[in-house]
1. Tally up the carbon and sulfur contribution to the accessible surface of segment 87-166 as a whole percent, 1.4 Å probe, everything protein left in place.
2. Does segment 93-184 come out rounded, prolate or oblate, given a ≥ b ≥ c as the square roots of the eigenvalues of its C-alpha gyration tensor, rounded meaning a/c under 1.5 and, failing that, prolate meaning a/b above b/c?
3. Classify segment 15-80 as rounded, prolate or oblate from the Cα gyration tensor: take a ≥ b ≥ c as the square roots of its eigenvalues, call it rounded if a/c is under 1.5, otherwise prolate when a/b beats b/c and oblate if not.
4. Taking θ = phi - 60°, what integer Hz values does the Karplus form 6.51 cos²θ - 1.76 cosθ + 1.60 yield along segment 442-457, in sequence order, with x for Gly and Pro?
5. In whole percent, and with a 1.4 Å probe on the protein chains, what portion of the accessible area of segment 32-78 is carbon and sulfur?
6. Averaged per residue, what accessible surface does the chain expose to a 1.4 Å probe, in Å²?
7. Could you pull out every one of the lysines with an alpha carbon less than 17 Å from that of K312, ignoring same-chain neighbours closer than 8 positions?
8. So which lysines can K224 reach, going by Cα to Cα under 22 Å and dropping same-chain residues fewer than 8 places off?
Amino acid sequence: MANMNGDGGKIRPFGFRDKLGYLLGDFGNDFTFILSSSFLLKFYTDVMGVDGFVVGIVMMVARFVDAFTDVAMGRLCDRSRVTPVGKFKPWIRRMCGPVAISSFLIYQSALADMSMAFKIIWLFVTYILWGSVFYTATNIPYGSMASAISPEPGDRQSLSTYRSLGGALAGVAVGAGIPMVAYDTIDGKAVLNGPRFTLIAGIFSVLAVLSYLLCYYLTTERVKPQNSEMGRKSDSIGTMLANALKNRALISIIAASIVLLLSQLTLQSMANYVYPNFYGNTAAQSASTFIMLITMLIAAGLTKPFSLRYGKAELSVVSNILAAIVCVVLYFLRPENVWVYVALISLSWLGLGFFNMVSWALITDVIDYSELKNGIREDGSVYALYSFARKLGQAASAGVSGALLSAIGYSHETAFDAGVVNGIYDISTLVPAFGFALLAVILWFWYPLHKKQVDANVTELKKRRGE
């Protein structure tokens, strides 16, 4: 990596400005992503009058479209020319407007009186444009950019931590802010106000653009691609997919990510049943959400020193074992006091928080590994495959909780039956316990990039770049 930019000037050293800028990138991402994942179904069923099953089908179809757009965007990033500001940053500036506008168009309450066919087509077109086209065209370059901001493992870990914090802060803004202002109380019932929600979606779109632009201006790409002649000649999607299938690090981290999302989202979704049905205490559920944020902040403060000393993969193995043990203890303990449950489940979230903080840094290690293995740096392509795999995990998790609830006989009529509520508790503890334990096994026995190997890869790449 050279210390001069294309104009002969010195490159600013990596520092807090880069970390803040990268945080703001995911802050911008999640103003539209969390809005969609948390409230799109609610908006279209309650305001637009579209059947929830239809909304779910549209969201599933979009994941199949992503199989093509994610990989295509990754290849487009890798083939992009290196500009004076870098290879990935220009895409963020180009696409921040379209992703924000397309997100806003999804939530148009003024169209609620249109025909059902029109509303379904509107949802399909705007959701595909937002998620599969413009969000992909922004998020893939943003995620790939982490490995170009700095070659140092410690710096990349900081970027991963700050990215996770950006997403967490956006989650609080969206998840806690909307319920406070978007509902009207009518006859004692909370009803979503369509026009107000549309206004909120517009405000979030503006905030997303501002966050993306700050990310663009605050971050600096320092690692310049130095692909070999062999890499340029074999630059094809077929070669990329063949390389991916032989890439043990990539395949194993993809498997780990899918298991993580299935476990984490099951734990999150089952909270909507454990607290009201098993414990009869929704106030404890609200409190646990804020405690979860606190555990994420604690993990953020401890992750970098622990990962630098012990390794990112090693830290993830220990933290997931902790999360699994807590869930097993909860299964056997079955505390009658809900606050004991909250305290213990918070320990599980703390363990999970460490892996969330390093997950994005792990993929930059995989990108380095792929460059050494294949002789070509494919930041965009590797990240695109990883991103698509995460989307598959999200899509698969959407049906897990429902299927398990059906298996224990859950329905509106049986929601408080003794056998059903005990089944709810079993699902909320055993399923995550199994997933977290499996995640630890994958990271320890299958994933090859432990601390010693990562340090060796970084040293070799520096040597090749003449640093």
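The values are calculated or read from the model by the stated rules, or taken from the named source; none is laboratory data. Since we're looking at a predicted model, the values are computed, not measured. Side chains included, ligands, DNA and RNA excluded: accessible areas come from the protein's heavy atoms. Shrake-Rupley method; radii C 1.70, N 1.55, O 1.52, S 1.80 Å.
1. 73 percent
2. Oblate shape, in that a/c is at least 1.5 and b/c is the bigger or equal ratio.
3. The shape class here is oblate.
4. In residue order, the calculated couplings are 4, 5, 8, 9, 10, 5, x, 8, 7, 3, 4, 5, 4, 4, 5, 5 Hz.
5. 76 percent
6. Working: 19520 Å² over 467 residues.
Value for the chain: 42 Å² per residue.
7. Hits, sequence-local ones excluded: K304, K451, K452.
8. Result set, ordered by chain and number: K10, K19, K87, K89, K233, K373, K462, K463.
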